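What follows is a set of notes on a single structure, which appears directly below.
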Amino acid sequence: MKLDNNVAAVVTGGASGLGAATARALAAKGVKVAIFDLQKEKGEAVAAEIGGVFCEVNVTSDESVDAGFAKARAAHGQERVLVNCAGTGNAVKTASRAKEDGSIRHFPLEAFNWVIQINLVGTFRCIAKSAAGMLTLEPQEDGERGAIVNTASVAAEDGQIGQAAYSASKGGVVGMTLPIARDLMGEGIRVNTILPGIFDTPLLAAAPQPVKDALAASVPFPKRLGRPEEYANLALCMIETGYFNGEDVRLDGGIRMAPR
């Protein structure tokens, strides 16, 4: 797909981190970008910087996502590109003993469901609604109507202690990539997923420097945290390369996560 000012894009989680880097990279190509996020102040700032539009969206809500797409399409027209970066995580053992008194507890199911609803169901909600819109577009010269990029995690394949919900949600994103690509192949819409490793994003910003240094040292090569711009580069490669379809690609410096 040729990226220029004739193309509109939606980036979920675009107010910071991987999403913001991708929004900037798309805008640098001339693409009209709409940012979906709950971080209003940050989202509006990024949108103003790139000449885009901010839509306050909760990906767990049909009404909120519908309103976001309506606002984005009113400003830019039907999107040909969707990049799903909205996500969250937690860390709770499936069952464990409390250090204080030895009492036994298990992963609260509402906390498990919360992660699934945002990372997995929220991603699918945005895909389904965006793809339905893409079907209204006239195909480009090669028959292409749209391109979708999702964000999973290396935790989808080697999740750590306490990551049952997070790994399940991201594993679900990986698992649905090929079936969705097959669902949409007759309509000229491609679907791919990136599995980032340890990236320097706001999620890690609060961590002490020694912790970040140790994480960087655990990467085989290069021995550093991933840069959001590197995620954006791969996302654009997936969008621009017409033969890239139905794939799940790790972007992790060769790391395989240890149990903890």
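Just so it is clear, none of the values below were taken in a lab; they were calculated from the coordinates. Since this is a predicted model, take the numbers as computed values, not measurements. So basically every Cβ, Gly included, is an ideal-geometry build from the backbone, and we count neighbours across all protein chains shown.
Mean separation of Cα pairs under 8 Å and 6 or more residues apart, divided by the residue count, gives the chain a relative contact order of 20 percent. Against the set [x] 17.7, 60; [y] 22.6, 85; [z] 18.4, 67, the structure's computed Rg and Dmax of the Cα atoms in Å falls on [z]. For the range 205-260, the set of chymotrypsin sites (Phe, Trp or Tyr not before Pro) satisfying both a DSSP loop assignment and a count of at most 13 other C-beta atoms within 10 Å is given as Y243. Loop-located GluC sites (Glu not before Pro) in the range 127-206 (DSSP state not H, G, I, E or B) with no more than 15 neighbouring Cβ atoms inside 10 Å: E141.
Checking every one of the GluC sites (Glu not before Pro) in the range 1-81 against DSSP loop status and a limit of 14 other Cβ atoms within 10 Å picks out no site at all.
Spin-label model, D142 to A67: label points 7 Å out along the Cα-to-beta-carbon direction sit 3.8 nm apart. Across A34, A206, A48, mean-square fluctuation computed from a Gaussian network of the chain (C-alpha pairs under 10 Å connected) peaks at A206. In a fully extended conformation the segment linking A214 and E187 would gain 5.1 nm over its present Cα-Cα distance, using 0.36 nm per residue.
Counting only Cα atoms, the size of the range 144-196 along its three principal axes is 41, 17, 12 Å, in decreasing order. Our summary gives the range 63-194 a relative contact order of 30 percent, counting only alpha carbon pairs under 8 angstrom and 6 or more residues apart. The spacing between the range 183-213 and the range 56-82, judged by their C-alpha centroids, is 21 Å. In this simple spin-label model, placing a label point 7 Å from the Cα along the Cα-to-Cβ direction at both T60 and A111 gives a separation of 1.4 nm. Give K71/K170; K93/K223; K42/K93; K32/K223; K170/K212; K71/K129 a once-over and call out the pairs whose C-alpha atoms are over 25 Å from each other. Result: K71/K170; K93/K223; K42/K93; K32/K223 exceed 25 Å. Model label points for D158 and E230, set 7 angstrom from Cα along the Cα-to-Cβ axis, are 1.5 nm apart.
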